[in-house]
Amino acid sequence: MKAFTVTKYGKDGLHAADIPKPTIGTDDVLVKVIATSINPLDKMVRNGEFKQLLKYKKPFTLGHDVVGVITEIGSSVQKFKVGDSVFSRPRDLRIGSFAEYIAINEADIALKPSNLTFSDAAAVPLVALASWQALVERAHIKPGDKILIHGGGGGLGSTAVQLAHHLGAKVATTVSTHNIELVKKLGANIVIDYTKEDFSTKLSDYDFVLDSVGGSNLEKSLTILKPGGLAISVVGPPDVDFAKQLGAPAPIGFYMHLLSHKIRKQAKALNVRYEFMFMKSSGSQLEKLRLLYEKGELQPVIDRIFPFDKTLDAINYVEQGKAKSGKVVVQVVPDN
């Protein structure tokens, strides 16, 4: 089958290849991939940024989002059958959606939202799971909470804005001028054009921040939180809990602890909290999210769709910052 595999770490390490169709275990399903999408995590894994924690054996197929049709099931699979349309963010060390087929553990999949096309659904799994795990699992957002979501026009941001609005929060977001009207339609109450304004001078007394920018942006985010408030970052710096999540040895956990020392110290001085979040796979959470998409509470935002043979172009498009709103999707099989 055709796939895009990492043969070495680095920008020039991803190549088109012909590889065998994957075999499945007793708890797996084999999915014919209809569409996938590009995530910043793809670049990070391709470049080897997590190679001490995620020990992929090269060559390996890249790709973290998938929607497709089940063509084969393992002997222990109970919830799904051949012919089901499903979507997933496969678990770490079992990614590989930039391919014509992928084997996925049953626990990592859910039925595709019935109201979404395959291309629309491909934009959902990773960012929807990340939003759910940040806002529901970590922040425990409740009606009336005040949350700042950075990058509200992006793939993660546009999903998080919608979910926070659905949960009843008062949502502020930072965007470029191009995305102001988009995020208002998605449910943002306060919109700050970061090309013209500094959010840290406009906002205060917030309960939560969801950061996808990092650096000085994250440091400034701490200053707008109320005492006891929480800043969650998906770009780092990583902390010791991240190492524990991936089952890393103690020395790596200590290294992560050192990496996040500065930001944790800054948070403590302001009497607020900082957490790094690396999303995890969950078919059960995707099932809850599926219902929200089918009810129209959430909707995917797509910037552009590329054909499968242009997967490398799609990655470059995202890496060069050309995507302006939402996700970039790759159609492995054109929608009917």
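The values are calculated or read from the model by the stated rules, or taken from the named source; none is laboratory data. In this text the structure is predicted, and so the values were computed from the model without any measurement. Because the Cβ atoms are built from the backbone with ideal geometry, glycine has one as well, and the counts that use them run over all protein chains shown.
Determine whether Arg89 is more than 15 Å from Glu294 (Cα to Cα), surrounded by fewer than 24 Cβ atoms within 10 Å (Cβ to Cβ) and of a type in the set (Lys, Arg). Can you show your working first?
Values: more than 15 Å from Glu294 (Cα to Cα): yes; surrounded by fewer than 24 Cβ atoms within 10 Å (Cβ to Cβ): no; of a type in the set (Lys, Arg): yes.
Taking the combined requirement at face value, the residue does not satisfy it.
Would you kindly identify the strands (runs of 3 or more DSSP E) lying entirely within the stretch 222-314 that contain at least 2 residues that are within 20 Å of the chain's Cα centre (by Cα) and not hydrophobic (A, V, I, L, M, F, W, C)? Before the answer, list the steps.
On the way: elements: 225-233, 273-276, 302-307.
The strands (runs of 3 or more DSSP E) meeting that bar are 273-276, 302-307.
Do you know which residues across the stretch 6-18 are surrounded by 16 or more Cβ atoms within 10 Å (Cβ to Cβ) and touching a residue at least 60 places away in the same chain (Cβ under 8 Å)?
The one that is surrounded by 16 or more Cβ atoms within 10 Å (Cβ to Cβ) and touching a residue at least 60 places away in the same chain (Cβ under 8 Å): Leu14.
Has the stretch 50-58 got at least one residue that is under 16 Å from the mean Cα position of the chain (by Cα), hydroxyl-bearing (Ser, Thr, Tyr) and buried (at least 16 other Cβ atoms within 10 Å of the Cβ)?
Within the stretch 50-58, none of the residues are under 16 Å from the mean Cα position of the chain (by Cα), hydroxyl-bearing (Ser, Thr, Tyr) and buried (at least 16 other Cβ atoms within 10 Å of the Cβ).
Is the stretch 307-328 home to any residue that is aromatic (Phe, Trp, Tyr) and farther than 18 Å from Phe4 by Cβ? Give the derivation first.
The first filter runs over the stretch 307-328 and keeps only residues aromatic (Phe, Trp, Tyr), leaving 308, 317.
Among the residues that remain, those that are also farther than 18 Å from Phe4 by Cβ are: none.
No.
Restricting the stretch 136-152 to residues that are free of Cβ contacts under 8 Å to residues at least 40 places away in the same chain and more than 19 Å from the chain's Cα centre (by Cα), which is farthest from Val272 (Cα to Cα)?
Step one: list which residues in the stretch 136-152 are free of Cβ contacts under 8 Å to residues at least 40 places away in the same chain, which gives 136-137, 140, 142-144, 152.
Now drop any that are not more than 19 Å from the chain's Cα centre (by Cα), which leaves 142-144.
Values: Lys142: 19, Pro143: 21, Gly144: 19 Å.
Per the stated criteria, the residue is Pro143.
Count, please, the residues in the stretch 265-291 that happen to be among the hydroxyl-bearing types (Ser, Thr, Tyr) and touching a Lys or Arg at 6+ places or on another chain (Cβ under 8 Å).
Step one: filter the stretch 265-291 for residues among the hydroxyl-bearing types (Ser, Thr, Tyr), giving 274, 281-282, 284.
Within this subset, residues satisfying the condition of being touching a Lys or Arg at 6+ places or on another chain (Cβ under 8 Å) are 274, 281.
Qualifying residue count, the stretch 265-291: 2.
Condition first: in a loop (DSSP other than H, G, I, E, B), more than 14 Å from Asn105 (Cα to Cα) and touching an Asp or Glu at 6+ places or on another chain (Cβ under 9 Å). Now tell me which residues in the stretch 16-39 satisfy that. Break it down stepwise before answering.
Initial filter on the stretch 16-39 (in a loop (DSSP other than H, G, I, E, B)): 19-27, 39.
Then drop every residue that is not more than 14 Å from Asn105 (Cα to Cα), which leaves 19-21, 39.
Within the stretch 16-39, Lys21, Asn39 qualify.
What about Lys81, is it of a type in the set (D, E, K, R), assigned to a loop (DSSP other than H, G, I, E, B), modelled with pLDDT of 95 or more and closer than 21 Å to Gly283 by Cβ?
Numbers: of a type in the set (D, E, K, R): yes; assigned to a loop (DSSP other than H, G, I, E, B): yes; modelled with pLDDT of 95 or more: yes; closer than 21 Å to Gly283 by Cβ: yes.
Judged against the criteria, Lys81 is a match.
Yes/no per residue for (1) free of Cβ contacts under 8 Å to residues at least 40 places away in the same chain; (2) farther than 21 Å from Ser212 by Cα:
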site: Val240; (1), (2): yes, no
site: Gly247; (1), (2): yes, yes
site: Pro251; (1), (2): yes, yes
site: Ser260; (1), (2): yes, no
site: Gln266; (1), (2): no, no
site: Asn271; (1), (2): no, yes
site: Glu294; (1), (2): no, yes
site: Ile315; (1), (2): no, no
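What is the residue count in the stretch 1-14 for residues that are assigned to a strand (DSSP E or B) and either among the acidic types (Asp, Glu) or touching a Leu at 6+ places or on another chain (Cβ under 8 Å) (or both)?
First, pick out the residues of the stretch 1-14 that are assigned to a strand (DSSP E or B): 2-6, 14.
Retained after the next criterion (residues that are either among the acidic types (Asp, Glu) or touching a Leu at 6+ places or on another chain (Cβ under 8 Å) (or both)): 4-6, 14.
Going through the stretch 1-14 one residue at a time, the tally reaches 4.
Based on this model, can you work out whether Pro40 counts as of a type outside the set (A, V, I, L, M), modelled with pLDDT under 95 and under 19 Å from the mean Cα position of the chain (by Cα)? Can you show your working first?
Values: of a type outside the set (A, V, I, L, M): yes; modelled with pLDDT under 95: yes; under 19 Å from the mean Cα position of the chain (by Cα): yes.
Spelling it out, Pro40 is indeed of a type outside the set (A, V, I, L, M), modelled with pLDDT under 95 and under 19 Å from the mean Cα position of the chain (by Cα).
Residue by residue through the stretch 176-211, note down the ones that are within 20 Å of the chain's Cα centre (by Cα), of a type in the set (Val, Ile, Thr) and more than 21 Å from Leu230 (Cα to Cα).
Of everything in the stretch 176-211, just one residue is within 20 Å of the chain's Cα centre (by Cα), of a type in the set (Val, Ile, Thr) and more than 21 Å from Leu230 (Cα to Cα), namely Val183.
Going by what's in this entry, would Asn115 be described as touching a residue at least 24 places away in the same chain (Cβ under 8 Å) and surrounded by fewer than 17 Cβ atoms within 10 Å (Cβ to Cβ)? Step through it out loud before you land on a result.
On the way: touching a residue at least 24 places away in the same chain (Cβ under 8 Å): yes; surrounded by fewer than 17 Cβ atoms within 10 Å (Cβ to Cβ): yes.
So Asn115 passes the test.
Would you point out the residue of the stretch 148-202, among those that are closer than 15 Å to Leu135 by Cα and touching an Asp or Glu at 6+ places or on another chain (Cβ under 6 Å), that is surrounded by the most Cβ atoms within 10 Å (Cβ to Cβ)?
For the stretch 148-202, the residue satisfying everything is His150.
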